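Scroll down for the structure; my scribbles are underneath it.
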Amino acid sequence: MELFTNHKPIASMASYKILFLFILLSFLNFATTEAQDQSSTPLYIYHNCSGGNTTANSAFQINVRTLLSSLSSNAPGDNGFYNTTVPPKNPSDSVFGLFMCRGDVPPQLCQQCVQNATQRLRSMCSLSIQAVIWYDECTVRYSNRSFFSTVDTRPRVGLLNTANISNQESFMRLMFSTINKTADEAAKDDKKFATRQTNISEFQNLYCLAQCTPDLSPLDCRSCLSKVIGDLSWCCEGKQGGRVLYPSCNVRYELYPFYRSTNRTKPPAWVPATNFPDADSQFSEDPTYLNHSCPTDVTVDSTFQMYLKTLLFYLSSNATNGKKSYKDNVENTVYGLFMCRGDLPSQLCQQCVLNATHRISSVCNSVQEGIIWYSHCMIRYSNLYFFSEVEESPNFDMLNLTSSSTSIIPGQDYFTFTLSDTIVKLAQEAGDTTERYVTKSLKLTDLQTLYTLAQCTQDLSSDGCKNCLEDINGKIPWFRLGSVGGRVLYPSCNLRFELFQFYRGSDEETQSPMAGNPSTPGLQGKRKVRLRTIIFIIVPTIVSVTLFFLGYYLVKRKARKSVKTILRENFGHESVTLEPLQFSLAVIEAATNNFSNDNRIGKGGFGEVYKGILFDGRQIAVKRLSKSSKQGANEFKNEVLLIAKLQHRNLVTFIGFCLEELEKILIYEYA
């Protein structure tokens, strides 16, 4: 820093700060963009290789490779569809192929899906006469026979959401009615694609999708969809969601918005954020009480109360021992567990469990069951054995819901799809981890990042964890969700999503299904592009940072050189005596906590007085000259000269002074 600085050096330092801020924002933007790109990785579903095998390096196999390369290079095609024949004529070794992307999938994701699918077919079905592969975002198939404009209903694949629906008869009736209307629209559409949603209840919607390959006629498309709709009973009777996939058409229904709005071409500039007026609406180390439930009114005797007290002691003592999750029972009479959030250090987990055991023992002590949720942990107990069982009730949620389904919410279709799609991925990953805990972040808009967390109790199986989180996804009132931010808490699992980072540590990144295969052409291209992007960002950043520190060093060096000059200008030949008594402003600011009001002890002859502690532990009194006091400047010089001549800094109360920037400061020992 400059001493007695003027406007020019200040401008220089401001420039460095602006440069540093620009570099920081560049890094943040790069990181969140990467998160968004990775969250859009195509999801593999199933493939089928059939029709017998050809021989290696035969003309047919070579034609298959050529066809797959042609499909990959022509993606995303015309509205997400492309078909071709290799060779163009019709000899015995011809191969016919096509790809179709889901009608709501953007071109870049369509291209990536086709590239991944063709690569997987090269690997999995290298000698097969015909094959088909389904991803969530696209279908790719080939055969030795021409199937263009033909309805093919085999092979077929059915997938279901294992969570059951309540009132199955009325739900299935509504589902079939809605999905048939969706099929009617798809058959008439040029892209042979349609979506539709309808109300199930005040807080729940049903979402449906139907699609055919665009080479089918409207009549053939509707015929194919009728058959695939008929197979929903075979696949998904009474379930919250399901789909059936044919080579020529497919249908799907869910209780969450699994498709994008086809009316939106790019993300909105901004989406509304939820602002809950509580202490947990920001990153916090303090456990915040959220809710509790004592779901039964059956009172217990003194023996049960004694066992419950013992159980709660077991839970709290195991949290003290560093465990983040623990289950136990007492005499097979009372069962209990605690679970801390997966990112927390042991001391914060311990504190939360201690708070929760104390509170639940007072609010639910006389009943057979109880559960309590804090921001950092959950504790539950019951007279019934509940370990390894998916429990969805009692539950608690904090969501910002609109009063009407017709309310217009900026970007709602975009953020509800993005969030529900993220929850699907979280459920899959949480079930696949031993910890049953996962977090994700992705860029939602240019200025907003979505942070999500999902966790299950560790006693659940992989499928149990996935089912629990899928049930949360299906129960959120998506069409009435008014903003981004909230949580849903079940006894067996929980979910939270915000536009600020509320958890510790780095996120898990979603990887491409073929990320480990270096021979994937599409991925090689992506890596080259990504490598060039990294080079273009990192190299200028390194150069900029180097220049920043070089400039900062030169300014600091100039400031150090100016100390003697300033002392000579103000004190003449006495500057040699005073130089050892000079303190830097940074040392004084650290000692006085940046001249905080808590350290202010009064006023002296020329300004305010602060107490402070130096790095060596000495207590000091700091007299700070008022910047507007001209009399103080003269007094400052006289006092420094007088005391310096009469007393030594190591033997008397006067310690030194500071003359830096616009500051003039005297430092004394303070008893």
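The values are calculated or read from the model by the stated rules, or taken from the named source; none is laboratory data. Just so you know, these numbers come straight off a predicted model, no measurement behind them. Neighbour counts are summed over all protein chains in view; Cβ atoms, including those assigned to glycine, are modelled from backbone coordinates with ideal geometry.
Quick notes
- Check on residue 409, outside any loop (DSSP other than H, G, I, E, B) and either more than 24 Å from residue 291 (Cα to Cα) or touching a residue at least 40 places away in the same chain (Cβ under 8 Å) (or both): no
- Only listed residue being out of contact with any Cys (no Cβ under 8 Å at 6 or more places or on another chain) and under 13 Å from residue 309 (Cα atoms), chosen from 347, 351, 368: 368
- Consider segment 638-671 and keep the residues that are under 14 Å from residue 588 (Cα atoms) and of a type in the set (D, E, K, R). The one that is modelled with the lowest pLDDT is 661.
- Top-ranked residue in segment 159-191 [being β-branched (Val, Ile, Thr) and either over 28 Å from residue 431 (Cα atoms) or outside the structural domain of residue 222 (by TED's automatic domain parsing) (or both); ranked as surrounded by the most Cβ atoms within 10 Å (Cβ to Cβ)]: 182
- Which listed residue is modelled with pLDDT of 95 or more, assigned to a loop (DSSP other than H, G, I, E, B) and crowded, with 21+ Cβ neighbours inside 10 Å, from 257, 287: 257
- Qualifying position, being more than 33 Å from the chain's Cα centre (by Cα) and of a type in the set (Val, Ile, Thr), among 213, 139, 162: 213
- Any chance residue 198 is of a type in the set (Val, Ile, Thr) and either in the same structural domain as residue 481 (by TED's automatic domain parsing) or under 35 Å from the mean Cα position of the chain (by Cα) (or both): yes
- The set of residues from segment 83-98 being over 13 Å from residue 148 (Cβ atoms) and either more than 48 Å from the chain's Cα centre (by Cα) or among the hydrophobic types (A, V, I, L, M, F, W, C) (or both) comprises 86, 89, 91, 92, 93.
- Of residues in segment 101-155 being over 30 Å from residue 413 (Cα atoms) and among the small types (Gly, Ala, Ser), the one surrounded by the most Cβ atoms within 10 Å (Cβ to Cβ): 131
- Residue count for segment 68-100, restricted to those that are surrounded by fewer than 23 Cβ atoms within 10 Å (Cβ to Cβ) and in a loop (DSSP other than H, G, I, E, B): 11.
- Screening the candidates 396, 386 for the property of being among the aromatic types (Phe, Trp, Tyr), under 20 Å from residue 467 (Cβ atoms) and surrounded by 19 or more Cβ atoms within 10 Å (Cβ to Cβ) yields one hit, 386.
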